[in-house]
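Everything below concerns the one structure shown next.
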Amino acid sequence: MPKGSEELTDQRKNEIVSACEKLYQRKGFKDITIKDISVETTFSRPSIYNYFETKEEIFLALLTREYEEWARDLRMVSGSKKVHSCDDFARQIAATLEKRTVLLKVSAMNLYEIEENSRTERLVEYKKAFRSSMDAFTECLEECLPGCSEEKKNGIRYAFFPFTYGIYPYTHPTRKQCEAMEQAGVRYEVQPVQELVYRFLMLILK
């Protein structure tokens with residue numbers, strides 16, 4: 001059981017965020033309501049407003065959690081001391097993103113609207129988690145390319161992180177999108193997240 005009010009608050013927030021994540025697996029962002037989320041929790045709809053002012057803030061908290069978990073995975077990679085080459089780096093970073101489907105989906109589909117409809121203090125919490133993942137990525141990069149200049153590291157970071165926003169649509173096209181591409185004569189090949197990330201990293205590390 002929680003030992004204090006802060007721990008209890010965090011537990012309740014986490015329950016709400018987890019309910020949102022569960023709904024997001026089967027419903028679109030615009031279709032999910034605070035009422036829907038309350039049904040998946042032990043809270044009434046008015047109670048949820050004690051923790052989040054908008055649906056977007058719940059999604060932002062979900063994204064914050066995803067970045068925190070990704071940062072932990074990245075630090076496990078750097079802490080393992082197994083990044084000895086660009087190939088090692090690309091494969092291990094790609095593996096960490098393979099299980100971050102929610103992060104990739106929210107970032108690609110709804111991030112701008114979520115940020116615009118969240119309080120600044122909530123947005124700051126998210127940006128701190130984002131920065132933590134970027135710092136952890138840099139730690140892995142420094143193992144891969146010891147002595148790499150700050151300019152080069154910045155170039156790699158600012159190529160890679162914007163790239164992550166486009167991963168989800170290329171790896172999870174809808175049936176309707178696939179049908180339209182076929183009718184339009186667009187050549188495409190759906191690739192797993194891990195393979196797409198690996199190929200991109202190998203290109204930018206050259």
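The values are calculated or read from the model by the stated rules, or taken from the named source; none is laboratory data. All figures in this text were calculated on a predicted structure; none of them were measured in a lab. Neighbour counts are summed over all protein chains in view; Cβ atoms, including those assigned to glycine, are modelled from backbone coordinates with ideal geometry.
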Checklist entry - Just wondering, is there one or more residues in region 84-93 that are assigned by TED's automatic domain parsing to the domain that holds residue 142, assigned to a helix (DSSP H, G or I) and within 14 Å of the chain's Cα centre (by Cα)? => result yes
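Restricting attention to region 132-150, which residues are farther than 17 Å from residue 87 by Cα and modelled with pLDDT of 95 or more? Outline the logic, then answer.
Residues of region 132-150 farther than 17 Å from residue 87 by Cα: 132-136, 147, 149-150.
If the condition is that a residue be farther than 17 Å from residue 87 by Cα and modelled with pLDDT of 95 or more, then 132, 133, 134, 135, 136 are the ones that fit.
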Checklist entry - Quick check: is even one residue across region 138-156 surrounded by 17 or more Cβ atoms within 10 Å (Cβ to Cβ), within 28 Å of residue 28 (Cα to Cα) and more than 14 Å from the chain's Cα centre (by Cα)? => result no
Checklist entry - Looking at region 1-56, which of the residues that are over 22 Å from residue 101 (Cβ atoms) and among the charged types (D, E, K, R) is farthest from the chain's Cα centre (by Cα)? => result 3
Checklist entry - Tell me, which helices (runs of 4 or more DSSP H) wholly within region 110-165 include 2 or more residues that are of a type in the set (Val, Ile, Thr)? => result 120-144, 150-164
Checklist entry - In region 166-181, how many residues are more than 15 Å from the chain's Cα centre (by Cα), assigned to a helix (DSSP H, G or I) and of a type outside the set (A, V, I, L, M)? => result 6
